Amino acid sequence: MYNAEKFYLKIINSIYLNLSRTASSIPFGGNHFLDEVTRGVGELILKEYEEQFNPESTKPSEICKAYLKTLGRQDFLEDGAFQLEDDGDSVVVTMNPKDQEHCIYKEFCREAQKESLLFYCPRLGVLQSVLKKSLGVEYSTSVDWEPESKICRGRISPVKRRLRTEMARFVDDTLNIAGERAMLFTKDAYLSLLTAVAEYAPFILRKVLFDSGYRSFLGVAREAADSYKTPEKSLRVCFEEMKHCGIGKVELISLDPSAGHAVIRCYQSFEVAAVEDIELYRTPRVTCDHLRGQLSACLTVILGCPIICEEMQCAALDGEYCEFLAYPEEENERK
């Protein structure tokens, strides 16, 4: 029986690990998909034992403790395996190091984090479902595992917003992103647009690219600014949207919100890849004007003043990344 249990646990961990690998390669909705899977499993378990679950408090941590006691009576968990504490409207869940070796999901957890995959803890998924049922609020989870101290610490927090690109699905044979009709804009389609503009109006090409990028990300920037308290967090959410859209991996190198200054880098820029095989310009030059517009829009909305973003280094010319310098528009007027 012992060998059979080990085999079943191996299958469970392998299923979750493969889900993480698959979700990590999905460009639209992978993060949301994996979160929904772990939460959905939690809902099924909750439905099975909800008659025995009667929390006496509306505090998030007490609700979770009441449910863990319910599962403890089913011999699924040892009493005291978790420590739960309220942190504002979130719950911090810490697993005692001695109990981690008995966690049935430890292989999935450690391997997923070793491979830097998307990861949602199935145990926290159950508590996520419990809180939603009890409080009527959407929650999501995150986990930090410290190899040196062997402390496993999870956090269950209310969902402030979903990435627009996570809400992609087919509705009546149409692609919708965040409830809006969408289409895939391929490299060939992008090149045909650039070539047409360059042929008929070459002197406005940079302006068209910048302006289209600027307009396209105003809505995303407003959502991020409304959802998060700090400029750094809002910008990182915008950068996640860019990555999910296929624009490239965008990183914030430095930010001075009071001065309106920022340094931003982009790795694997789509615009660089799109023009590398064609002679769009007569001389070598920076090419990421669409991204420059998107970054300007994000910084303008989030910092609350007109921001100009200039590309100081482009991977189309040299180096592994494109680097952008941002500063207030009024500084440019004084030059």
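What number of residues in the range 40-66 are within 16 Å of residue 85 (Cβ to Cβ) and assigned to a helix (DSSP H, G or I)?
Number satisfying all stated conditions: 7.
Here is a check on your reading of the model: is residue 244 within 16 Å of the chain's Cα centre (by Cα) and either of a type in the set (Val, Ile, Thr) or assigned by TED's automatic domain parsing to the domain that holds residue 295 (or both)? Steps first, answer last, please.
Values: within 16 Å of the chain's Cα centre (by Cα): yes; either of a type in the set (Val, Ile, Thr) or assigned by TED's automatic domain parsing to the domain that holds residue 295 (or both): yes.
So residue 244 passes the test.
Out of the residues in the range 33-42 that are surrounded by fewer than 19 Cβ atoms within 10 Å (Cβ to Cβ) and of a type outside the set (A, V, I, L, M), state the one that is farthest from residue 68 (Cα to Cα).
Among residues in the range 33-42 that are surrounded by fewer than 19 Cβ atoms within 10 Å (Cβ to Cβ) and of a type outside the set (A, V, I, L, M), the one farthest from residue 68 (Cα to Cα) is 33.
Can you spot a residue in the range 43-62 that is among the hydrophobic types (A, V, I, L, M, F, W, C) and either over 29 Å from the mean Cα position of the chain (by Cα) or surrounded by fewer than 12 Cβ atoms within 10 Å (Cβ to Cβ) (or both)?
Yes - at least one qualifying residue is present in the range 43-62.
Among all residue pairs at least 6 apart or on different chains, which show Cβ distances below 7 Å where the first residue, located in the range 124-147, is within 14 Å of residue 43 (Cα to Cα) and the second is assigned to a helix (DSSP H, G or I) and of a type in the set (Val, Ile, Thr)?
If the second residue must be assigned to a helix (DSSP H, G or I) and of a type in the set (Val, Ile, Thr), the pairs left are 125/38; 125/41; 126/45; 130/63; 131/63; 134/63.
Condition first: touching a helix residue (DSSP H, G or I) at 6+ places or on another chain (Cβ under 9 Å), aliphatic (A, V, I, L, M) and surrounded by fewer than 18 Cβ atoms within 10 Å (Cβ to Cβ). Can you find one or more residues in the range 232-243 that meet it?
no
Report yes if some residue within the range 253-263 is acidic (Asp, Glu) and closer than 25 Å to residue 177 by Cα; otherwise report no. Walk me through how you get there before you give the answer.
Step one: list which residues in the range 253-263 are acidic (Asp, Glu), which gives 256.
When the remaining residues are screened for being closer than 25 Å to residue 177 by Cα, the result is none.
No - not one qualifying residue is present in the range 253-263.
The values are calculated or read from the model by the stated rules, or taken from the named source; none is laboratory data. Because the structure is predicted, anything quoted here is derived from the model rather than measured. For neighbour counting, all protein chains shown are included, and Cβ atoms are generated from backbone atoms with ideal geometry for every residue, glycine included.
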